[in-house]
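Where a number appears in this text, it was derived from the coordinates with a stated rule and is not lab data. In this text the structure is predicted, and so the values were computed from the model without any measurement. Note that each Cβ is placed from the backbone with ideal geometry, even for glycine, and that neighbours are counted across all protein chains shown.
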Amino acid sequence: MAASNNLEVRVTALETQVQELTTRIRRIEQDATAARVLAGGVDRDVTEIRAEIQDFRQATTASFNTMREDFTGLRKNFTHLRTDFIDLRVEVIDLRTEMNNRFAAVDNGFAEMRGKFDATAAGLEQIANLVNTLIDQQGGPAADQ
């Protein structure tokens, strides 16, 4: 009887262990199912994030390409503006040189005219002196009367 009692205790202990193991297996299965659900959600999230990162990368690349084109266009425009500015500067220098040459010609013309006016004034003064000498020789202004 002792052996059967012992067997009964052992079977009861095994049944208890089997129930505990069954309970643990159910919890593990539930945890595994929950883990699969979470993993599926994470997988979807990762897929969405990858797509968003790819979209962001493409948008950033397009934006940088546009900026590069803008800078290239600005550089070309700046080069044209610089060339135009240099051409304008040359034209202003040429205009200033021409203006100075013309002012010099006008100054020379005025100096020449001044010389001619001085010569004319000297000639008129000489004529006036000769006329006065003739008048004095003929008896003065009263002699005409």
Along each principal axis, Cα extent of the stretch 2-136, largest first, Å: 189, 23, 17
Whole-angstrom gap from the stretch 92-139 to the stretch 42-86, using each part's C-alpha centre: 75 Å
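Quick check for me: using +1 on Lys/Arg Cβ and -1 on Asp/Glu Cβ, what's the dipole size of the stretch 2-136 about its Cα centre, in debye to the nearest 20?
Working: 17 positive and 22 negative charges, 147 e Å.
The dipole of the stretch 2-136 has a size of about 700 debye.
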Positive-end extreme of charge dipole, the chain - chosen from Phe110, Ile49, Leu124 (charges on Cβ): Ile49
Folded to 0 to 90 degrees: helix 2-137 orientation relative to the chain principal axis, Cα: 0 degrees
Equivalent-ellipsoid semi-axes of the stretch 31-71, from the Cα gyration tensor, Å, largest first: 39, 4, 4
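Could you please report the charge total around Thr120, scoring K, R as +1 and D, E as -1 over all other residues with beta-carbon less than 15 angstrom from its beta-carbon? It would help to have the intermediate numbers written out before the result.
Values: positive: Arg114, Lys116; negative: Glu112, Asp118, Glu125.
Around Thr120, the surrounding residues sum to -1.
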